[in-house]
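Chemist: Before I ask anything, here is the structure I am working with.
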Amino acid sequence: MNNDPDISAVASLIADPARAAILSILMDDISLPAGELAWFAKITPQTASFHLAKLIKCNLVSVKKSGRHRYYRLSNKNVAQAIESLAFIAPPSRVSSLRDSIERKAVHHARTCYDHLAGELGVAVTQALTDKNVIQYHDESYEVTEMGEAWLASLKIDCHQLRKERRLFARACPDWSERRPHIAGALGAAILQRFLELKWIIRISDSRAIRVTESGRKNFKEQFGIEWK
């Protein structure tokens, strides 16, 4: 008897293009109704409901009721990590329109990876923190130096508090578009949230893409040495 996890059950679910699209949309750490997921995945609401039922059954997606509405999200961070890892080894998607080309460029430039920053900007920030000796890479994760804790505290990021969370503190997440790691875990999430609070970056509606503001360009250059285009 084979006691290994049934990987094929999950793989067969993700193999369907519509379900893969739904999971990719929910990588932005958001909750959406079936109608919006259907629109993003370019399928009918009925088809979306069919696929969502399968994803819920396999615990890839969870649902929460609010009045008469139902909102869907990824079940947990492990699902997001698995999707991002698959994206790292998957071939590029086919571009069939100008809109697809623009969207791909924006997503490669800067995007969210569940609850942390990814893409060119995410990798650049991670490299800058490494170069400044704020963090050090060790065994597929990052450790914050003593000097780094003080530096992050100046950005109002409390490493001591983050270490109390029931999750990995600072994981190295493979970036599928840059082919280099970016910082994830509790610290990665805190960095993304702080950049949003400072309005250095803003979310682009209907996309995982992130836009850097003028204030962000100035501060990324001054504090991280990143010359952002």
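Chemist: How many residues are part of a helix (DSSP H, G or I) and not hydrophobic (A, V, I, L, M, F, W, C) if we restrict to region 142-191?
Modeler: Number satisfying all stated conditions: 7.
Chemist: I've got another one for you. What tally of residues in region 195-224 results from selecting those that are β-branched (Val, Ile, Thr) and not in a strand (DSSP E or B)?
Modeler: Matching residues across region 195-224 total 2.
Bear in mind these aren't lab numbers, they're just calculated from the coordinates by the rules spelled out. What you see is a predicted model, and the numbers here were worked out from it, not measured in a lab.
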